[in-house]
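To start, the structure under review is shown below, and the notes come after it.
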Amino acid sequence: MRAIQTITLALAVLAGATLGAAPAVAQKYGGTLQVLIGGNPWSLSLHDESPGNHTVSMSPVYNNLAVFDPFQSRETLATIRPELAKSWAWNAERTALTFELRQGVKWHDGKPFTSRDVKRTFDIARGAATERLKLNPRRLWYANVREITIDGDYEVTFRLKRPQPSLIAMLAAGVSPVMPAHFPAAEWRSKALGSGPFKLKEYQRDKTIVLVKNQEYWVPGRPYLDQVRVNIIQSRATYTAAYLARQLDVITPSAAFRPLMESIRKTDKEVQFQEINSTSMLYVLFNPKQPPFDNARLRLAMSTALDRGAFSKVVLQGGVAIGGVMLPQPTGAWGLTAAQLASLPGYGDVEQNKEAARGIMRELGYGPDKRLRAEMIASSLALYTDFSAWVAASLKDVYVDATVKSMEPGVFNGYLSRREFQIVANAGNIATDDPDTTFYEHYGCGSLRNYNDYCNPALQAKYDEQSQMFDHAERLKLVQEIDARLVTDVARALMGFRINYYPTRPYVKNFVAHQAGYNFWRLQEVWLDK
């Protein structure tokens with residue numbers, strides 16, 4: 001194999017497990033990890049879905065070609081480790097990425113893992129197979145893949161139309177598991193058959209998802225846990241009481257935002273918090289297909305009127321890092337600086353912004369005596385109801401009276417996917433802190449998760465241009481130019497990125513939260529010191 005770069009990882013102790021610098025303590029086997037999620041997964045398919053509830057529930061069942069190091073909270077290309085792949089290499093032109101695969105891996109039904117599983121998985125994910133996903137939110141991730149070829153049972157090559165260094169990061173994301181070739185794609189949403197450290201035992205909607213130890217897992221000595229029990233509780237009061245009663249070990253960020261953290265901290269002195277600036281963005285959408293929101297000036301006025309600083313303080317008690325499209329610096333590698341943000345609409349002087357917004361609204365014929373009436377849809381989960389109420393109150397300052405319509409999360413997602421809304425306040429996870437995962441999935445023309453169908457062909461060409469750059473400084477300059485344009489165009493009214501909090505019992509070991517909430521739920525290294 002001719003290559004300019006080959007990545008391998010030798011882990012003598014674990015014979016190929018994906019590890020970084022694990023704590024040097026004696027691990028214990030056994031026990032059940034009790035995890036909370038704030039709503040039902042919409043299906044069991046990681047390739048079909050997007051919310052974090054799905055990766056928490058199903059990542060322990062699967063493996064990827066590569067993964068982000070579970071012990072490093074900040075993810076970069078340098079923290080990617082082999083999993084089902086033993087190594088990978090680029091060709092000289094950087095247009096072919098070849099993986100040497102691990103041998104001896106078995107699916108949960110005992111059948112062997114081979115290169116055919118990889119090819120079929122990602123041919124389906126990129127829309128190049130006869131089988132189709134019901135939903136495919138990340139299809140554009142793989143638009144640059146020309147074909148996937150295999151050479152025997154344990155070598156597979158992704159052949160690209162142009163260089164794309166971020167391809168390996170997308171394959172390492174928690175939403176990119178390899179699926180068995182003998183497992184029909186039509187069943188991915190309702191069944192789970194993986195090669196990972198845990199097997200799906202049962203799923204009771206609105207109650208629990210139970211995962212049990214894979215006794216024949218291909219990583220020797222893993223997992224430590226006997227069981228993972230994912231508890232599904234939507235009521236903030238109920239899951240807070242359950243945590244304080246020590247019925248839960250870890251609360252996920254969909255439920256554990258800062259106000260809850262402060263409440264728990266006052267009551268439970270034992271609790272530990274992992275706090276991390278995340279890639280979970282909070283944003284407001286105005287649907288350009290629903291008049292009068294088809295007027296770009298109207299959308300700009302409403303976005304400009306939103307006080308990002310007040311939102312952080314009032315709704316999440318400071319638990320927001322204000323940014324544009326990409327996670328802001330210095331936490332993120334690609335985002336705009338504070339100085340760059342200050343020059344954009346909605347980020348500078350608050351009073352000047354509001355007056356500018358009212359001026360635009362008056363130009364459009366609105367005012368104190370002629371107000372715009374609109375409907376805002378919202379998920380019934382606590383974070384979203386608080387967020388939506390704040391947005392509705394803020395828009396009153398610019399002559400907009402928005403009525404909030406709350407709905408069950410699954411119903412809400414249907415409205416969002418069908419674009420049946422005027423205004424929506426929402427949160428969205430970005431799979432990695434990388435421009436390709438962000439631009440193509442959330443702002444790409446025709447992407448399922450581009451919920452207001454923003455499409456700028458000239459900017460789309462710039463997505464492709466930055467995607468093939470290997471020089472970080474050169475790529476950063478173009479990424480920031482794209483970021484500023486997306487903010488100015490109100491592709492989304494970005495409110496910031498959540499600071500995630502994970503209330504965790506002190507006996508939970510080797511649980512390290514990452515910036516991207518999708519990518520650390522394999523749980524094969526987690527153990528309980530009790």
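If you filter the range 368-382 down to residues that are in contact with a strand residue (DSSP E or B) (Cβ under 7 Å, 6 or more places away or on another chain) and among the aliphatic types (A, V, I, L, M), you find that the one that is nearest to residue 499 (Cα to Cα) is 378.
Conditions (1) part of a strand (DSSP E or B); (2) of a type outside the set (A, V, I, L, M, F, W, C), marked per residue:
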residue: 237; (1), (2): no, no
residue: 243; (1), (2): no, yes
residue: 270; (1), (2): no, yes
residue: 273; (1), (2): yes, no
residue: 292; (1), (2): no, yes
residue: 303; (1), (2): no, yes
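Does the range 335-348 contain any residue that is in contact with a His (Cβ under 9 Å, 6 or more places away or on another chain), at pLDDT 95 or above and surrounded by 14 or more Cβ atoms within 10 Å (Cβ to Cβ)? No, the conditions are met nowhere in the range 335-348. The set of residues in the range 74-114 being under 27 Å from the mean Cα position of the chain (by Cα), among the hydroxyl-bearing types (Ser, Thr, Tyr) and at pLDDT 95 or above consists of 79, 87, 95, 98.
Would you check if residue 66 is surrounded by 23 or more Cβ atoms within 10 Å (Cβ to Cβ) and farther than 19 Å from residue 211 by Cβ?
Details: surrounded by 23 or more Cβ atoms within 10 Å (Cβ to Cβ): yes; farther than 19 Å from residue 211 by Cβ: yes.
Criteria met by residue 66.
If the requirement is being in contact with a His (Cβ under 9 Å, 6 or more places away or on another chain) and either within 27 Å of residue 505 (Cα to Cα) or modelled with pLDDT of 95 or more (or both), which of these qualifies: 70, 60, 51? Walk me through how you get there before you give the answer.
Values: 60 fails: in contact with a His (Cβ under 9 Å, 6 or more places away or on another chain); 51 fails: in contact with a His (Cβ under 9 Å, 6 or more places away or on another chain).
When all the criteria are applied, what remains is 70.
When the range 183-211 is limited to residues that are touching an Asp or Glu at 6+ places or on another chain (Cβ under 8 Å) and not aliphatic (A, V, I, L, M), the one that is farthest from residue 83 (Cα to Cα) turns out to be 208.
Closer than 16 Å to residue 501 by Cα and either modelled with pLDDT of 95 or more or surrounded by fewer than 24 Cβ atoms within 10 Å (Cβ to Cβ) (or both): does that describe residue 323?
Values: closer than 16 Å to residue 501 by Cα: no; either modelled with pLDDT of 95 or more or surrounded by fewer than 24 Cβ atoms within 10 Å (Cβ to Cβ) (or both): yes.
So residue 323 does not fit the description; no.
For every residue, the table says whether it meets (1) of a type in the set (Val, Ile, Thr); (2) farther than 20 Å from residue 484 by Cα; (3) in contact (Cβ under 8 Å) with a residue 24 or more places away in the chain; (4) surrounded by 23 or more Cβ atoms within 10 Å (Cβ to Cβ).
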position	(1), (2), (3), (4)
385	yes, yes, no, no
399	no, yes, yes, no
403	yes, yes, yes, no
411	yes, yes, no, no
416	no, yes, yes, no
419	no, yes, yes, no
428	no, no, yes, no
440	no, no, yes, yes
448	no, yes, yes, no
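Every condition in (1) of a type in the set (S, T, N, Q); (2) in contact with a Pro (Cβ under 9 Å, 6 or more places away or on another chain); (3) closer than 12 Å to residue 65 by Cα is met by residue 166 except one, and the failing one is (3). Looking only at residues in the range 120-153 that are without any contact (Cβ under 8 Å) to a residue 40 or more places away in the chain and of a type in the set (Lys, Arg), the one that is surrounded by the most Cβ atoms within 10 Å (Cβ to Cβ) is 126.
The values are calculated or read from the model by the stated rules, or taken from the named source; none is laboratory data. Bear in mind that the values here come from a model prediction, so they are computed numbers and not experimental data. Neighbour counts are summed over all protein chains in view; Cβ atoms, including those assigned to glycine, are modelled from backbone coordinates with ideal geometry.
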